[in-house]
Amino acid sequence: MDTSAGGGSPQDMVVPPVEGVAGGGTAYGWMEGGVEASTSLRGSIDPLVVPTSDLVHTWCMPSTANVGPQDMPRRLEPMNLLAARNERESFQVALRPKVSWSSLGNAGVVQVQCTDLSSASGARLVVGQSITMRKVVTVLGVPDALVPLDHPTSQISLVPGETSAVWISINVPAEQPTGQYEGEVIVTATKNEATSPSQSMSRAEKHQLFTELRDCLDTVEPIDGKPLEEVVERVKSATTSLRRVLLSPSFSEFFSDNGSVDIMDEDAVSNLSIRVKLNLTVWDFVIPATPSLPAVFGISDTVIEDRFGVEHGSKEWFEALDRHFEWLLQFRISPYFCRWGESMRVLAYTCPWPADHPKSDEYLSDPRLAAYAVPYSQAVSSNHVAKDYLQKEVEVLRTKSHWKKAYFYLWDEPLNMEQYNSVRNLASEVHTYAPDARILTTYYCGPNDAPLAPTPFEAFVKVPKFLRPHTQIYCTSEWVLGNREDLVKDIISELQPENGEEWWTYVCMGPSDPHPNWHLGMRGTQHRAVMWRVWKEGGTGFLYWGANCYEKASTPSAEIRFRRGLPPGDGVLYYPGEVFSSSNDPVASLRLERILSGLQDIEYLKLYASRFGRDEGLALLEKTGMYLGPERYTAEHMPIDMMRGEIYNTCRL
């Protein structure tokens, strides 16, 4: 992974160029090829005098674009977005230096500021709450990690000859008033260098600063009951002390030559900055809190235990799992924790606490959770393992209204008769205590030592008949279908939906390019199209085997390594925050954000189908050119906007 691990603020990170690709010039005063340097830009350059547009290329890109270091500039145009309520819509601002104005090896530093979005009626979407900014960081040379930036203003260090990108997300609350919202993203070149004086302060300087601030506090704190004249004198003294501290060299980076603070110099911002116009239409459709399509994603508890040094079942372990669970819900996925046993037997559980614990109801009743996994055995081992554990868990859960969301995931991809019989036996025990329990089984073939039919695909299609009644959710690999979407009808024809049977799908190592999947380096629309495929084929749920399954490490900030033998990115959809900064919040990948977008697209398509019928929804996919099949879908973002725009125009109140 080509990022530096450990501390330091994310905006100060300098990401190495893509391996094997030249990174451009690094000399002071370097100019982007094809941009003629005016006489005023030769030699020393003062960004407080020169317009930022003379120093930096700035342009906008959609969320499906992979904006890498070698991306070349485009024309800057206003960003126009459409969002439903309770929807997240994202875009990118790309930055590429035209010239270097720094003497530290980097091209220079720009300040990126996002304003609130406001409507004519006075409604607002506030930066830092509804609007977030993240730096796009490359992983193995591919843009993927989204590292949080400060709000409302952050600083980005630009590298000569390379493009950087800021990912901006707008989260529209469910109760947000509809209407047109306007705002700006303001880009300003600054004198701030990559390493500020405050970051290199000596211990003596820090102690002096500490002493002055403490003395200032001591001056103003004991004023209760003091005469007004004395209070005024104390405040004056404190003001003098604070001014002396603010004017010290430690804070010189925030001041221009005339003593005014750069970040507050509105005239300078107005005259020299690049202003990216942002227009957002919020419409009356509300994305439902509970996803229409259950998308269940595995989270390895052993990876969390190893990397974060938490003992299984300890207080810290529960806290770590709780933090991951809560963070992942924002992406409209239903997490389950898991660990694998022999022959791909899997222990899957959504809630680490037992069913009679107060936390259980809190987890499983959460409206953002579309489905939850019930463990076949105790998630937390104990010296007093009750033989009737499963029976007691099921008895409690079946009394709850959320029981309809429950499923048991017992075995991952059985391959032979012994493993298939194990699924049948485990399921029989579950059904002894809960006849209405849903058993989920993932598979891509029938038992290979006892063929169910003459050909592999025919045997695959016959699995439901073989497993019935020991499985209710038949979860098949998209890889099996290849580009033969017509084979879906053969799978569905074997199911009995009238008896509660469902067809879910999954991706993992396969299918490979050009089919939709979430591997690193695939196109953005290829990532998003996974969910388009699910909707078009008619699946009623989706499973992904692992979102944090990188190689074992024993420290949170250890370098991320993808597992050998797997395509890069397979099984890894987010990263530990400690790899990029001092934060312990997970860092999302671009791919995870595109999964969210795909799940939101399903809600749009479901709305359209509810008004005009499913056939019309399928026709809309074809008419816009967004998705026709696993090898025929858009590589550009425009058809996505066309689909969403058509649904907005025909379904708004």
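The values are calculated or read from the model by the stated rules, or taken from the named source; none is laboratory data. Note that this is a predicted model, so its numbers are computed, not measured. Cβ atoms come from the backbone with ideal geometry, glycine included; neighbour counts cover every protein chain shown. Protein only, heavy atoms only, side chains kept; ligands, DNA and RNA dropped before computing areas. Shrake-Rupley method; radii C 1.70, N 1.55, O 1.52, S 1.80 Å.
Residues that are in a strand (DSSP E or B) and either among the β-branched types (V, I, T) or loosely packed, with under 12 Cβ neighbours inside 10 Å (or both) within the stretch 491-511 comprise T505, V507, listed in sequence order.
Here the helices (runs of 4 or more DSSP H) wholly within the stretch 357-474 that include at least 1 residues being of a type in the set (D, E) and under 31 Å from the mean Cα position of the chain (by Cα) are 358-364. Here V380 clears all of (1) modelled with pLDDT of 95 or more; (2) open to solvent by 10 Å² or more (accessible area, probe 1.4 Å); (3) closer than 24 Å to L369 by Cα except the condition numbered (1).
Residues in the stretch 475-490 that are under 15 Å from T441 (Cα atoms) and either assigned to a helix (DSSP H, G or I) or hydrophobic (A, V, I, L, M, F, W, C) (or both): C475, E478. Looking across the stretch 435-470, the residues that are β-branched (V, I, T) and crowded, with 19+ Cβ neighbours inside 10 Å come down to I439, T441, T442, V461, V463.
Go through the residues of the stretch 103-124 one by one and say whether even a single one is in a strand (DSSP E or B) and at positive phi. Yes: one or more hits. If you go through the stretch 604-653 and keep only what is under 25 Å from the mean Cα position of the chain (by Cα) and without any contact (Cβ under 8 Å) to a residue 40 or more places away in the chain, you end up with M638, P639, M642.
For (1) open to solvent by less than 20 Å² (accessible area, probe 1.4 Å); (2) under 30 Å from C338 (Cα atoms); (3) among the aliphatic types (A, V, I, L, M), each residue gets a yes or a no:
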{"site": "N271", "(1), (2), (3)": "no, no, no"}
{"site": "V276", "(1), (2), (3)": "yes, no, yes"}
{"site": "N279", "(1), (2), (3)": "no, no, no"}
{"site": "W283", "(1), (2), (3)": "yes, no, no"}
{"site": "I287", "(1), (2), (3)": "yes, yes, yes"}
{"site": "V296", "(1), (2), (3)": "yes, yes, yes"}
{"site": "S300", "(1), (2), (3)": "yes, yes, no"}
{"site": "R307", "(1), (2), (3)": "yes, yes, no"}
{"site": "G313", "(1), (2), (3)": "no, yes, no"}
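Of the listed requirements (1) within 16 Å of S381 (Cα to Cα); (2) not in a helix (DSSP H, G or I), F297 misses just one: (1). Scanning the stretch 324-356 for residues that are part of a loop (DSSP other than H, G, I, E, B), farther than 27 Å from N171 by Cβ and either in contact with a helix residue (DSSP H, G or I) (Cβ under 9 Å, 6 or more places away or on another chain) or open to solvent by less than 10 Å² (accessible area, probe 1.4 Å) (or both) yields P352, W353, P354, A355, D356.
Put simply, of T455, T432 the only residue that is farther than 24 Å from V374 by Cβ and not aromatic (F, W, Y) is T455. From the list E175, E162, E184, the one residue that fits, being under 15 Å from V67 (Cβ atoms) and in contact with a Lys or Arg (Cβ under 8 Å, 6 or more places away or on another chain), is E162.
Residues in the stretch 621-653 that are under 24 Å from E478 (Cα atoms) and in contact with an Asp or Glu (Cβ under 6 Å, 6 or more places away or on another chain) were compared, and the one that is most open to solvent (accessible area, probe 1.4 Å) is L628. Let me confirm something: among T211, T153, T163, which residue is under 27 Å from W327 (Cβ atoms), among the β-branched types (V, I, T) and either in contact with a Pro (Cβ under 9 Å, 6 or more places away or on another chain) or modelled with pLDDT under 95 (or both)? After ruling out the rest, the residue left standing is T153.
Only residues that are over 15 Å from R134 (Cβ atoms) and crowded, with 23+ Cβ neighbours inside 10 Å were counted in the stretch 575-596, giving 2. So for the stretch 175-196 (the condition being closer than 29 Å to D54 by Cα, among the hydroxyl-bearing types (S, T, Y), at pLDDT below 95 and not in a strand (DSSP E or B)), does at least one residue qualify? So far as the stretch 175-196 goes, yes, one or more of its residues are closer than 29 Å to D54 by Cα, among the hydroxyl-bearing types (S, T, Y), at pLDDT below 95 and not in a strand (DSSP E or B).
Scan the stretch 579-603 for residues that are part of a helix (DSSP H, G or I) and either in contact with a strand residue (DSSP E or B) (Cβ under 8 Å, 6 or more places away or on another chain) or free of Cβ contacts under 8 Å to residues at least 24 places away in the same chain (or both) and the total you get is 11.
Being assigned to a loop (DSSP other than H, G, I, E, B), in contact with a Cys (Cβ under 8 Å, 6 or more places away or on another chain) and either buried (at least 22 other Cβ atoms within 10 Å of the Cβ) or touching a residue at least 60 places away in the same chain (Cβ under 8 Å) (or both) holds for only one residue in G546, G539, G569, and it is G546.
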